[in-house]
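Q: Got a structure here, written out as structure tokens. Questions coming.
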Amino acid sequence: MKTELTSIELRFLTTELKGLIGGKIDQIYQPKEEELLLQIHVPSKGKRLLHIVLPSFIYLTAEKPDVPAEITEFCSVLRDHLINARIQEITQVQN
């Protein structure tokens, strides 16, 4: 089972995620304990959903999964700090 991204995969992912630059985080959901879903509004592109599944995946999706009616404390803290924040930069750290 694959557990890490290669540097080339990370480069393509970084390039794809750069399309979120300038976007505003509208909402944060936690569908499952090890997952986060960020709803981001990108000017002239509309709503984008960034799905993070720890520790293995991060991807853009068009479909919002079912989310619990009640939010976790962690999700609440993230919402307090990140809602309405703008994504200013996405870079790949060089080794």
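Q: Hey, with R₀ at 41 Å, roughly what FRET efficiency would Phe12 and Ala85 work out to, going by the Cβ-Cβ distance, to 0.05?
A: 0.95
Q: How big is the dipole moment of the chain about its Cα centre under a simple scheme where the beta carbon of each Lys and Arg is +1, that of each Asp and Glu is -1, and everything else is neutral? Debye, nearest 20, please.
A: The dipole of the chain has a size of about 500 debye.
Q: What is the spin-label model distance, in nm, from Thr61 to Glu4 if the labels are put 7 Å beyond Cα along the C-beta direction?
A: My value for the distance between the label points is 2.6 nm.
Rule-based calculations on the coordinates, nothing more; no lab input. Keep in mind that this is a model prediction, so the values were computed, not measured. FYI the Cβ positions are ideal-geometry reconstructions off the backbone, even for glycines, and counts take in every protein chain you see.
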